[in-house]
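Below is one structure, written out as structure tokens, with a few remarks after it.
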């Protein structure tokens, strides 16, 4: 099934206790698209970059089966740039530089060949841009998933609430769930958020795993215990890409299959954090991925005695 992805394609500069990088390729849509490409060969990308973005990397995205006809390249302008520093616990970070550049007035143009996807993943962007893209599709996808962050809750809550009415799945972290709902209990928070529109809610808890809520059902997936975590940047987007990619591959949006999708997303995210940027997630073969998925299964499986 076809999948359409939107979000940022950008430059990042990252500093962690394990080292730092100069400008490297990043952005929510980059991570989502690359992760999803492990499962489906029909991924379309809607994003914007400046003419400073290397053509070699656009060619690389194409080589992964990602349709870049919806990637706008603005002549004479610069790509979105973010720089951040992670602290010793790797869960908290400080933003050092944010340069919106081409993202400041991004208008998501959807080419005719990409306007009828079966699945849509809205990576982190201004809620108004996300809703505009939905309105420009020629038909409603079978499933619309969306990511957002606390920044949009601070500066665009009304737009965010309008966009939430249009989506099926929302993925946010536990801090964002509490801010959006005004509830500390994640159970109460999930109920309030789902009343805003999404039928499914995924709450990411970083190194503590992820929760999936639907009706009165809850599923918890643990996070992989890793010896070395070099860079958490993009882990949540890689998770989202694995999740939506698996659903697009199987064309099954049942609660049971979403559980599997969360495991695949978590497995890909665990590779992401082991190196800086996208370095690790572009070099995973099928055997390695299945080994990691099997390891996830072992983390939470127990056979109860009669």
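The values are calculated or read from the model by the stated rules, or taken from the named source; none is laboratory data. Treat the numbers as computed from the prediction; the structure is a model and nothing was measured. Cβ: placed from backbone, ideal geometry, glycine included. Neighbour counts: every protein chain shown.
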>> Quick check on residue 253: is it in contact (Cβ under 8 Å) with a residue 60 or more places away in the chain, part of a loop (DSSP other than H, G, I, E, B) and within 19 Å of the chain's Cα centre (by Cα)?
In response: yes
>> One residue is enough: does the range 110-126 have a residue meeting the conditions modelled with pLDDT under 95, closer than 21 Å to residue 36 by Cα and surrounded by fewer than 23 Cβ atoms within 10 Å (Cβ to Cβ)?
In response: yes
>> Can you tell me how many residues within the range 279-306 are farther than 17 Å from residue 243 by Cα and in a loop (DSSP other than H, G, I, E, B)?
In response: 10
> Of all residues in the range 12-23, which are in a strand (DSSP E or B) and either more than 18 Å from the chain's Cα centre (by Cα) or more than 23 Å from residue 265 (Cα to Cα) (or both)?
Replying inline: 13, 14, 15, 16, 19, 20
> So is residue 219 in contact with a helix residue (DSSP H, G or I) (Cβ under 8 Å, 6 or more places away or on another chain) and within 15 Å of residue 292 (Cβ to Cβ) or not?
Replying inline: no
> What number of residues in the range 180-192 are buried (at least 17 other Cβ atoms within 10 Å of the Cβ) and more than 15 Å from residue 217 (Cβ to Cβ)?
Replying inline: 3
> Taking the range 39-60, which residues are at pLDDT below 95, in a loop (DSSP other than H, G, I, E, B) and either out of contact with any strand residue (DSSP E or B) (no Cβ under 6 Å at 6 or more places or on another chain) or under 27 Å from residue 88 (Cα atoms) (or both)?
Replying inline: 41, 42
> Hey, any hits in the range 84-101 for a residue that's touching a helix residue (DSSP H, G or I) at 6+ places or on another chain (Cβ under 9 Å), surrounded by 14 or more Cβ atoms within 10 Å (Cβ to Cβ) and closer than 29 Å to residue 143 by Cβ?
Replying inline: no
>> Condition (residue is modelled with pLDDT of 95 or more and in contact with a helix residue (DSSP H, G or I) (Cβ under 9 Å, 6 or more places away or on another chain)) applied to the range 16-25: is it met by at least one residue?
In response: no
> In the range 21-38, which residues are more than 15 Å from residue 234 (Cα to Cα), in contact (Cβ under 8 Å) with a residue 40 or more places away in the chain and in contact with a strand residue (DSSP E or B) (Cβ under 8 Å, 6 or more places away or on another chain)?
Replying inline: 37
